[in-house]
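Notes follow the structure.
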Amino acid sequence: MPPPADRSTAAGAVTGYLEMLKTHPNPTAEDVNAWVSPREQGQDRVRTWFSKHPDVHVTVTSYRVVWADDTGEKATADAEGEVCPSPGKCVPLKEAADHELKMKRKDVQPEEYTLYYGSALRLLGEGAGQ
């Protein structure tokens, strides 16, 4: 079992989310929402997306965070594998992850980062290949 993710940095939050997807290839809305900021009704939007994509499947073979900005609110990752938002509709995870992932820093101590819902869903194939 991997150690708990260090959410005190954007890179740690991205690493933790990708590790969750690696260990939960059929994630639920609640698995994803554990990593999503509630801002902009993000967690409700994740639940709505899952109601339309209940069979999402993710295969993560490798990943690494390659960049995080100085503010800690953006990061990029190099991820290998495949994501299928629906059966028969799959894209390489690299294509799904080929965008900046946006973070939100929670105002708590110690600092904690979560993903904006759009970034979390992008790693589940939302918008990839379109």
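Of everything in the range 86-123, what is assigned to a loop (DSSP other than H, G, I, E, B), of a type in the set (A, V, I, L, M) and crowded, with 18+ Cβ neighbours inside 10 Å? Give them in sequence order.
A97, L123 - these are the residues of the range 86-123 that are assigned to a loop (DSSP other than H, G, I, E, B), of a type in the set (A, V, I, L, M) and crowded, with 18+ Cβ neighbours inside 10 Å.
Being more than 11 Å from L123 (Cα to Cα), outside any helix (DSSP H, G or I) and open to solvent by 20 Å² or more (accessible area, probe 1.4 Å), is that true of even one residue in the range 47-54?
Yes; the residues of the range 47-54 include at least one that is more than 11 Å from L123 (Cα to Cα), outside any helix (DSSP H, G or I) and open to solvent by 20 Å² or more (accessible area, probe 1.4 Å).
Please identify the pairs in which a residue from the range 98-117 that is within 21 Å of R45 (Cβ to Cβ) has its Cβ atom under 6 Å from the Cβ atom of a residue that is in a loop (DSSP other than H, G, I, E, B) and open to solvent by 60 Å² or more (accessible area, probe 1.4 Å), counting only partners at least 6 apart or on another chain.
Here the result reads M103/E73; R105/E111, each pair linking the range 98-117 to a residue that is in a loop (DSSP other than H, G, I, E, B) and open to solvent by 60 Å² or more (accessible area, probe 1.4 Å).
Only one residue in E126, E40 is charged (D, E, K, R) and surrounded by 15 or more Cβ atoms within 10 Å (Cβ to Cβ), so which one is that?
E126
Restricting to the range 1-37, and then to whatever is among the charged types (D, E, K, R) and within 18 Å of K94 (Cα to Cα), can you tell me which residue is least open to solvent (accessible area, probe 1.4 Å)?
Step by step, filter the range 1-37, then rank; the result is E19.
When only residues in the range 61-70 that are among the β-branched types (V, I, T) and within 17 Å of H99 (Cα to Cα) count, which is surrounded by the fewest Cβ atoms within 10 Å (Cβ to Cβ)?
V66
For D78, work out the one condition from (1) surrounded by fewer than 23 Cβ atoms within 10 Å (Cβ to Cβ); (2) touching an Asp or Glu at 6+ places or on another chain (Cβ under 8 Å) it doesn't fulfil.
Looking at each condition in turn, D78 falls short on (2).
The values are calculated or read from the model by the stated rules, or taken from the named source; none is laboratory data. Model, not experiment: these values are computed from the prediction. Using ideal geometry, Cβ is built from the backbone for each residue, glycine included, and neighbour counts are taken over all protein chains shown. Side chains are part of the model used for accessible areas, which takes the heavy atoms of the whole protein and leaves out ligands, DNA and RNA. Shrake-Rupley method; radii C 1.70, N 1.55, O 1.52, S 1.80 Å.
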